[in-house]
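Colleague: One structure follows; several queries about it will come next.
Every number here is computed from the coordinates shown, using simple stated rules; none is lab data. Bear in mind that the values here come from a model prediction, so they are computed numbers and not experimental data. Every residue, glycine among them, receives a Cβ derived from its backbone with ideal geometry; neighbour counts consider all protein chains shown.
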Amino acid sequence: MDPRFFAKRAAALSDSSLKEVLETHPGIISFAGGLPDEQAFPIEQIQEVARRIATSPRAWQYLPTEGDPALREAVAEHVASFGIQAGVDNILITQGSQQALDLISMAFIDPGDKVLLEAPGYLGAIGAVQNYEAEIVDIPVGEEGVDPDRLAQAPQGAKFFYTVSTFHNPTGCSIPVDKRRELLEVAAAKNFLIVEDGAYRELCFDGDAQPPIKSFDTDERVIYLGSFSKSLVPGVRVGWVVAAKEIIKRLALLKQAVDLASNTLGQLFVLHWLREYGLRPPVELYKEKRDRALAALEKEMPPDVAWNRPQGGFFLWIRLPALLDATAMLSRARQEGVTYVPGAAFRGAPSSLRFSFSQVQPEEIAPGVERLARVITKELERARKRTSKSPVA
Ligand SMILES: Cc1ncc(COP(=O)(O)O)c(C=O)c1O
């Protein structure tokens with residue numbers, strides 16, 4: 001086909017090199033995949049709720065574009081449990097929070113507009129804003145997420161700052177509460193919106209998650225995204241947006257031309273699930289995996305390798321000595337029977353990597369970390385030899 005038929009934004013797309021990284025192979029222990037663990041899906045109860053709703057003709061009818069009214073109410077109640085005050089008119093149900101990212105980009109980005117993204121950051125957000133030809137401005141993520149002082153250095157005129165404030169993808173970090181307030185102050189002072197993505201917040205292992213930035217928002221500056229993908233099941237494709245009524249109205253108008261409405265079966269399933277069982281995120285399963293990962297890292301990793309201790313979510317972030325390149329190291333890791341996603345894939349430092357503990361089986365974690373530690377140790381020896389041989393300038 002003649003490639004000139006494609007719009008520039010479609011022609012510029014390349015097949016994600018991540019596809020290969022995320023492939024699983026027998027004998028290779030993968031810390032790459034970031035999907036939920038299917039063992040966490042309560043299949044019997046799911047079947048029972050699905051069977052019950054499927055007998056109603058309403059389950060096969062269109063719903064309003066904004067979402068099922070009772071589900072919107074249930075979401076309002078849910079977000080109130082972590083400090084976000086919202087009425088039904090402040091809520092839009094979407095096909096997963098990924099659709100929310102698309103609609104928000106559609107609503108706010110004209111080609112060339114500046115958008116502030118975390119680096120390293122969530123690939124789905126990078127893709128969403130790129131589709132609308134945003135100019136991406138990277139804001140570095142440290143151990144405590146984005147630093148308000150760094151955000152304050154962002155260029156003028158940005159439309160919004162996007163943050164996965166709690167149990168970040170890809171690093172696992174969470175922004176401390178005082179910094180959340182400061183980020184909001186910076187956004188007000190520089191006059192841009194904040195898009196806060198809470199995709200992982202319900203998966204909290206230790207104590208309570210930090211209050212969302214949205215809970216401090218008194219001037220409708222924050223758009224909050226949530227999802228049932230990690231706390232229940234992703235196959236229902238149900239997420240939501242909490243925002244000012246005016247924003248919800250515009251997003252719904254745009255959504256009409258995208259898909260008329262989110263899928264009915266998924267919405268009714270979530271509603272009935274919440275009524276029957278309440279939201280019971282599979283926290284214990286992921287906490288156990290996190291704990292096994294931390295214990296193995298502590299035991300196996302050579303000195304000079306650092307990592308964080310996420311309080312929830314699916315990921316932790318490993319920082320290798322700067323002389324190592326996690327992308328170059330990947331083929332050797334595969335030979336040793338272990339894999340991960342290099343940090344550079346998320347616009348992070350070349351010497352960093354994302355270690356996902358969500359999909360790996362618990363008993364594979366310790367042997368996987370042992371393999372990873374072996375690769376890193378060998379690569380370090382090689383790199384140190386190389387640098388000690390290079391002539392002194
Ligand atoms: C940070 C973040 N936001 C949003 C999503 C999208 O999830 P969903 O569309 O299933 O709600 C994901 C999926 O992995 C994610 O990691």
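Colleague: Taking only Cα atoms and a 10 Å spring cutoff, compute GNM fluctuations for the chain and point out the largest among Ala80, Ala154, Ala257.
Modeller: Fluctuation is largest for Ala257.
Colleague: Counting only C-alpha contacts under 8 Å and six or more residues apart, can you give the relative contact order of the chain as a whole percent?
Modeller: Result for the chain is 22 percent.
Colleague: What relative contact order, as a whole-number percentage, does the stretch 150-236 give when Cα pairs under 8 Å and 6 or more residues apart are counted?
Modeller: That works out to 31 percent.
Colleague: Roughly what % of DSSP beta bridges within the stretch 110-249 run antiparallel, to the nearest 5?
Modeller: 25
Colleague: Ordered by packing density, taken as the mean number of other Cβ atoms within 10 Å over each peptide's residues, highest first, how do 173-183, 275-285, 302-312 rank?
Modeller: In descending order of packing, they fall as 173-183, 302-312, 275-285.
Colleague: Taking the chain as a Gaussian network, Cα atoms linked when under 10 Å apart, which of Glu363, Glu135, Glu300 shows the biggest mean-square fluctuation?
Modeller: Glu363
Colleague: In terms of modelled amide H atoms, which long-range or inter-chain residues lie less than 5 Å from the amide H of Phe160?
Modeller: Leu116, Leu193
Colleague: With runs of 4+ DSSP H residues as the only contributors, calculate the mean residue ellipticity of the chain at 222 nm using -39,500 (n - 2.57) per run, divided by the residue total and rounded to the nearest 500.
Modeller: It comes out at -12500 deg cm²/dmol, rounded to the nearest 500.
Colleague: What translational D, rounded to a whole number of µm²/s, comes out for the stretch 309-393 from Stokes-Einstein when the hydrodynamic radius is the Kirkwood one over Cα pairs, at 25 °C and 0.890 mPa s?
Modeller: Working: Rh = 13.8 Å.
The estimated diffusion coefficient comes to 178 µm²/s.
Colleague: Would you mind checking the pairs Lys114/Lys249; Lys19/Lys299; Lys159/Lys245; Lys19/Lys289; Lys159/Lys214; Lys114/Lys230 and listing those with alpha carbons more than 20 angstrom apart?
Modeller: Lys114/Lys249; Lys19/Lys299; Lys19/Lys289; Lys114/Lys230
Colleague: Among Asn169, Ala261, Gln45, whose Cα projects farthest towards the positive end of the dipole of the chain, with charges put on the beta-carbon of Lys, Arg (+1) and Asp, Glu (-1)?
Modeller: Positive-most Cα among the choices belongs to Asn169.
Colleague: Assign unit charges at the C-beta atoms only (+1 for Lys and Arg, -1 for Asp and Glu), then state the dipole size of the stretch 43-277 relative to its Cα centre in Debye, rounded to the nearest 20.
Modeller: Details: 21 positive and 32 negative charges, 139 e Å.
Using only the charged Cβ atoms, the result is roughly 660 debye.
Colleague: Dipole magnitude of the chain about its Cα centre, charges +1 at Lys/Arg Cβ and -1 at Asp/Glu Cβ only, in debye to the nearest 20?
Modeller: Numbers: 45 positive and 51 negative charges, 168 e Å.
With only Lys, Arg, Asp and Glu charged at Cβ, the dipole is about 800 debye.
Colleague: Please report Rg over Rh for the stretch 43-277, where both radii come from the alpha carbon positions and Rh follows the Kirkwood definition.
Modeller: For the stretch 43-277, the value is 0.97.
Colleague: If you don't mind, another one. Students often forget the sequence filter, so: which aspartates and glutamates lie under 13 Å Cα-Cα from Lys8 once same-chain residues fewer than 8 apart are removed?
Modeller: Glu133
Colleague: Which of Pro57, Ile84, Leu274 sits closest to the plus end of the dipole of the stretch 43-277, meaning its Cα is farthest towards the positive end, when Lys and Arg get +1 and Asp and Glu get -1 on the C-beta?
Modeller: It is Pro57, whose Cα lies furthest towards the positive end.
Colleague: Here is a further query. If one computes the Cα centroid of the stretch 23-60 and of the stretch 91-147, what distance in Å separates the two points?
Modeller: If we compute the Cα centre of each part, the gap is 27 Å.
Colleague: Indicate, rounded to the nearest 5 percent, the antiparallel portion of the DSSP beta bridges found entirely in the stretch 43-277.
Modeller: Here the share of antiparallel DSSP bridges comes out near 35 percent.
Colleague: Order 34-45, 86-97 from most to least packed using the mean count of other Cβ atoms within 10 Å. Write down the numbers at each step before the final one.
Modeller: Values: 34-45: 14.2, 86-97: 21.8.
Ranking, from highest mean packing down: 86-97, 34-45.
Colleague: If amide H atoms are built 1.01 Å from N in the plane of the peptide, which residues on other chains or at least 5 residues away come under 5 Å of the amide H of Glu135?
Modeller: Here the answer is Gly112, Asp113, Lys114, Val115, since their amide H atoms fall under 5 Å of that of Glu135.
Colleague: With a ≥ b ≥ c the root eigenvalues of the C-alpha gyration tensor of the stretch 168-280, is it rounded (a/c under 1.5), prolate (a/b larger than b/c) or oblate?
Modeller: Here the stretch 168-280 falls in the oblate category.
Colleague: Decide, for the stretch 222-282, between rounded, prolate and oblate: order the square roots of the alpha carbon gyration tensor eigenvalues as a ≥ b ≥ c, take rounded if a/c falls under 1.5, and otherwise choose prolate if a/b is larger than b/c, else oblate.
Modeller: Note, shape of the stretch 222-282 comes out prolate.
Colleague: What are the ³J(HN,Hα) values, in whole Hz, obtained from phi via the Karplus relation 6.51 cos²θ - 1.76 cosθ + 1.60 with θ = phi - 60°, for each residue of the stretch 93-110 in sequence order, with x given for Gly and Pro?
Modeller: For the stretch 93-110, the Karplus curve yields 8, 10, 7, x, 6, 4, 5, 4, 4, 5, 5, 5, 5, 4, 6, 10, 9, 9 Hz.
Colleague: In whole Å, what is the distance between the alpha-carbon centres of the stretch 189-222 and the stretch 295-367?
Modeller: Taking the Cα centre of each part, the stretch 189-222 and the stretch 295-367 sit 27 Å apart.
Colleague: Suppose we keep just the DSSP beta bridges with both residues in the chain; what percent of those would be antiparallel, to 5?
Modeller: 50
Colleague: Taking the chain, how much of its Cα-Cα pair set, in percent, is spaced more than 38 angstrom apart?
Modeller: Details: 16822 of 77028 pairs.
So the pairs more than 38 Å apart make up 22 percent of the total in the chain.
Colleague: How high is the relative contact order of the stretch 178-298, in percent, with contacts defined as C-alpha pairs under 8 Å that are six or more residues apart?
Modeller: So the answer I get is 23 percent.
Colleague: Also: Show the residues, 5+ positions off or on another chain, whose built amide H is closer than 5 Å to the amide H of Leu203.
Modeller: Those qualifying (amide H under 5 Å, at least 5 residues apart or on another chain) are Gly313.
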